[in-house]
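Heads up: the structure comes next, in structure tokens.
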Amino acid sequence: MRIDEHKFFARKLDYDYRMCVKGEGVWVFDADGNKYLDACSGANVSSIGHGVKEIGAAMQAQADTIAYVPPQHFLNQPTIDLCRRLLEHAPDHFTRVMLCSGGSEANENALKIARQYHVYKGNSGKYLNIARWQGFHGNTIVADAVGGTTSRRKISAPMLPEVPHIKPSNCFHCPYHQEYPNCGMLCAKALEDEILQLGPENVSAFICEPVVGSANAACTPVKEYFPMIREICDKHDVLWIDDEIMAGAGRTGKFLAIENWDALPDIAVMAKGLSCGYAPLAAILLSDKVWKAFRDGDYPYIGGHTYNAHPVTATVGLAVLDYVEKNHVYENVEYKGKLLREGLESLQKKHPIIGDVRGLGLFQGIEFVRDGKEPFAPELNVTPRILDRALEKGLIVYASRGCLDGRRGDGLLVCPPLIINEEEIKYIIDVLDETITEIVAELKAEGNYDY
Ligand SMILES: Cc1ncc(COP(=O)(O)O)c(C=O)c1O
């Protein structure tokens, strides 16, 4: 359906959107009867797959009992139960949870919580947030400000508060032109340099994704990175906010992706896979250290939203956890992730256009290169061409553009529902193979690719 055929303020104006009418497992169906394997879970959302009947039934039952409870007057049981259940899955280090409706809102609140923590601890000079280039944290104003995708923040830039960005951890395109492990971990040390430059007395928080999603095709730091980040943040009393909105909720095989490293953040932010898209839900997990600053001083959190403790949404979170536990969903991620990774690496051997395969568990990414590590010119639209061709063939993958420097760098995310089976993983690899073969042939015919 094209933009002039309806009234919805759709994201792309010059695009003939298909109408999606049904979902079942890893598949979604359009109004013309075509089916597509959702190999990006929407955007790391639909981890338990589409059309799980018990989630809808739980929502219905809660909505029939009470759909909305005003959080300023009452608590409600689903909210209490969900916070407890999330903490049972998370490391003991976390002791409190705030719920929100989406990722951007949750990140905004995490940054406000960090600021209030410092004020309550008597350090009211601390207000600056440091972030990384080639990261994404959402589309509201402060979330956009901490985001590090040049093209996304370009128009909003004059409205955004001041946020210093450090270079990302990216071994494929090391911003310091080093080779791991002889690199001196300059990417982690950059955080300390920036804190010292700004003055630790001014810095409130550092925010980053453990495995970068849309901004950098599942780029994953080496094992030393986050322990160093932890040490630097502790040294300068800076809170580390871990944006797990894409990477968390079992996507990498652990409840929190950061559990793949030997370090834990002060605040972890989760969303997408918590409700798997059945309702808008996000969670901010507070470490005991952060929670105590509020608790010990009896300080209130200045913030909150209409839907902070929504019983129907919380019921969805609980029903998803029930499903995950009953079907051992997270436990199977390591094995299926390995199969997916092997498939993508086999494509890399066949197609030199795939420069890098990376990621953890069922959060995998590939980066396309013209030659070695050289990117394609952005005007060639390599990523959208691959995405559109894959879609025509019945496969949905997620774009990651600008992954080299915000403008250049073509990549995509392959992050199917965690309930995917071996045959469906093979389907992803086969369709990607066909798609890449065709696009490579076209690029060659145009004289835009020689390999
Ligand atoms: C890492 C990350 N943080 C934050 C967000 C923003 O979440 P939302 O779109 O729910 O506001 C996203 C969304 O894709 C994300 O991937």
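Only the coordinates and a few stated rules stand behind these numbers; no lab work does. Model, not experiment: these values are computed from the prediction. Note: ideal-geometry Cβ built from the backbone for every residue, glycine included; neighbour counts use all protein chains shown.
Of note:
- Placing unit charges on the Cβ atoms only, positive for Lys and Arg and negative for Asp and Glu, gives segment 66-326 a dipole magnitude near 420 debye about its Cα centre.
- Length-normalised contact order for segment 66-326 - Cα pairs under 8 Å, 6+ apart - percent: 28 percent
- Alpha-carbon centroid distance for the pair segment 27-79 / segment 8-22, whole angstrom: 21 Å
- Note on Ala445 and His328: the model spin-label points, each 7 Å out from Cα along the C-beta direction, lie 4.9 nm apart.
- Ordered by the number of other Cβ atoms lying within 10 Å of each residue's own Cβ, fewest first, Met98, Met185, Met1 fall into the sequence Met1, Met185, Met98.
- Think of the chain as a dipole: +1 on every Lys or Arg Cβ, -1 on every Asp or Glu Cβ, centred on the Cα centre; then among Cys233, Tyr127, Pro384, Tyr127 lies furthest on the positive end.
- Sparsely packed trypsin sites (Lys or Arg not before Pro) within segment 181-230, loop by DSSP, other Cβ within 10 Å at most 13: Lys223
- Euclidean distance between Cα centres, segment 294-321 to segment 83-160, Å: 16 Å
- Of the DSSP H helices in the chain, those whose Cα atoms cover at least 20 Å axially and whose Kyte score averages -1.0 or more: 103-120, 311-326, 333-350, 422-445
- Within the straight-line cut-off of under 20 Å between alpha carbons, the aspartates and glutamates reachable from Lys373 are Glu179, Glu345, Asp356, Asp405, Asp410, Asp450, sequence neighbours fewer than 8 places apart in one chain being disregarded.
- Too-long pairs where the Cα-Cα distance tops 31 Å, listed order kept, from Lys189/Lys254; Lys35/Lys223; Lys12/Lys189; Lys167/Lys393; Lys289/Lys338: Lys35/Lys223; Lys12/Lys189; Lys167/Lys393; Lys289/Lys338
- Look at the dipole of the chain built from charges on Cβ: of Asn421, Leu340, Tyr299, the Cα furthest out on the positive end belongs to Tyr299.
- Listed residue (Ser275, Tyr323, Cys174) projecting farthest to the positive dipole end of the chain, Cβ model: Ser275
- Given charges at beta-carbon only (K, R positive; D, E negative), |dipole| of the chain in Debye: 620 debye
- Assuming charge only on the beta carbon of Lys and Arg (+1) and of Asp and Glu (-1), the dipole of segment 396-442 about its Cα centre is about 400 debye to the nearest 20.
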